[in-house]
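Participant: Okay, here's the structure, questions in a sec.
The values are calculated or read from the model by the stated rules, or taken from the named source; none is laboratory data. Please read these numbers as outputs of a predicted model, since none were measured by experiment. Counting neighbours? That spans all protein chains shown, and the Cβs are built from the backbone with ideal geometry, glycine included. The accessibility values were calculated without ligands, DNA or RNA, using every heavy atom of the protein model including side chains. Shrake-Rupley method; radii C 1.70, N 1.55, O 1.52, S 1.80 Å.
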Amino acid sequence: MLPESLLPQKVTRDEAKAGFQRWLRSRWFAPNDLARRAKTAGLDGVMLPHWTYDSNTSTSYVGLRGDYYYVTVSYTDSKGNSRTRTERRTRWRPASGTVFVAFDDVLVCASRSLPAKLVQELEPWDLAALQPFDPAYLAGHVTERYSIDLAAGFDLAADRMRPRIRSAIERDIGGDVQQILSMDVTHRNVKFKHLLLPLWISSFRYRERVFRVMVNARTGEVQGERPWSWVKILLFALFICALIGGGIWLYQRAK
């Protein structure tokens with residue numbers, strides 16, 4: 001299946017390289033020589049396949065509504081004196097109903113070649129600027145075919161929809177606190193698009209491991225993997241312990 005639309009590249013290779021280097025320098029707990037070693041790493045232009053899904057959902061749910069109330073409790077303190085305090089309690093009652101939530105352009109990466117979490121962190125994409133598919137936009141880029149098909153992509157999209165549906169249910173239940181015991185989601189008027197989104201990707205080797213960094217070629221957002229300097233982490237932990245120890249010493253001396 002050919003993609004029907006795409007976003008053209010907006011961030012140049014040089015701009016992406018500069019963003020990549022800034023990102024590396026801002027990693028506080030990275031090894032000192034990381035930026036120097038990664039400086040020779042190249043950037044490859046990639047057009048990454050995605051699906052988007054529209055769906056009108058209706059969800060029947062069963063849950064519990066909790067309303068707070070307050071009671072005065074008597075107790076005896078450590079000196080044997082009678083005291084009172086106000087405690088918060090929760091009164092629960094059953095709740096059920098149906099909520100309707102419409103979704104537009106829920107985005108799912110259709111490639112397994114990159115970590116899904118990192119790809120999601122490159123969002124948001126300006127999907128309103130999508131252009132009809134034109135092979136001319138692919139020049140100088142590696143173009144991937146989708147490895148997650150339409151049905152599997154929809155399952156991932158449905159997972160991304162669930163938090164919004166849960167929030168709608170909690171609002172519908174009302175009260176001070178809510179519990180959702182079950183929810184049955186129905187999808188109607190489902191539509192989809194197959195599209196390509198532009199990235200710059202760099203891979204570099206550090207101490208026998210390969211790390212990848214990705215740049216959103218529309219916004220310049222950088223996300224990636226990096227090694228950690230355990231020496232820096234240990235020194236920072238020792239510094240925090242010294243601060244705490246110094247604060248305790250000053251407090252005790254002041255007493």
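Participant: Among the residues of the range 188-210, which ones are out of contact with any Gly (no Cβ under 7 Å at 6 or more places or on another chain) and modelled with pLDDT under 85?
Facilitator: Across the range 188-210, the qualifying residues are SER203, PHE204, ARG205, TYR206, ARG207, GLU208, ARG209, VAL210.
Participant: Give the residues of the range 100-123 that are hydroxyl-bearing (Ser, Thr, Tyr) and surrounded by fewer than 16 Cβ atoms within 10 Å (Cβ to Cβ), sorted by residue number.
Facilitator: Listed by number, the list holds a single entry, SER113.
Participant: Here is a follow-up. Looking at (1) more than 21 Å from PRO198 (Cβ to Cβ); (2) modelled with pLDDT of 95 or more, which one does PRO49 not meet, given that it meets all the others?
Facilitator: Just one mismatch for PRO49, condition (1).
Participant: Does ARG89 count as more than 19 Å from PHE192 (Cα to Cα), in a strand (DSSP E or B) and open to solvent by 100 Å² or more (accessible area, probe 1.4 Å)?
Facilitator: Details: more than 19 Å from PHE192 (Cα to Cα): yes; in a strand (DSSP E or B): yes; open to solvent by 100 Å² or more (accessible area, probe 1.4 Å): no.
Considered against the rule, which asks whether it is more than 19 Å from PHE192 (Cα to Cα), in a strand (DSSP E or B) and open to solvent by 100 Å² or more (accessible area, probe 1.4 Å), ARG89 comes out as no.
Participant: All but one of (1) in a loop (DSSP other than H, G, I, E, B); (2) modelled with pLDDT of 90 or more hold for GLY140; which doesn't?
Facilitator: (2)
Participant: Right, another one. Would you mind stating whether GLY175 is surrounded by 13 or more Cβ atoms within 10 Å (Cβ to Cβ), at positive phi and not hydroxyl-bearing (Ser, Thr, Tyr)?
Facilitator: Against the criterion (surrounded by 13 or more Cβ atoms within 10 Å (Cβ to Cβ), at positive phi and not hydroxyl-bearing (Ser, Thr, Tyr)), GLY175 qualifies.
Participant: Still on this structure, I have one more. Those residues that are part of a loop (DSSP other than H, G, I, E, B), within 14 Å of ALA217 (Cα to Cα) and of a type in the set (Phe, Trp, Tyr), I need them from the range 102-137; list them, please.
Facilitator: The one that is part of a loop (DSSP other than H, G, I, E, B), within 14 Å of ALA217 (Cα to Cα) and of a type in the set (Phe, Trp, Tyr): TRP125.
Participant: Any idea how many residues of the range 64-110 are within 30 Å of ALA152 (Cβ to Cβ) and touching a Leu at 6+ places or on another chain (Cβ under 7 Å)?
Facilitator: Counting residues in the range 64-110 that are within 30 Å of ALA152 (Cβ to Cβ) and touching a Leu at 6+ places or on another chain (Cβ under 7 Å) gives 3.
Participant: Could you check, for the range 73-87, whether at least one of its residues is more than 24 Å from LEU114 (Cα to Cα) and modelled with pLDDT under 80?
Facilitator: no
Participant: Please determine whether any residue of the range 124-142 is over 30 Å from ILE165 (Cβ atoms) and either open to solvent by 90 Å² or more (accessible area, probe 1.4 Å) or among the β-branched types (Val, Ile, Thr) (or both). Full working, then the answer.
Facilitator: Keep residues of the range 124-142 that are over 30 Å from ILE165 (Cβ atoms), which gives 131-142.
Filter again for either open to solvent by 90 Å² or more (accessible area, probe 1.4 Å) or among the β-branched types (Val, Ile, Thr) (or both), leaving 132, 142.
The answer is yes; a qualifying residue exists.
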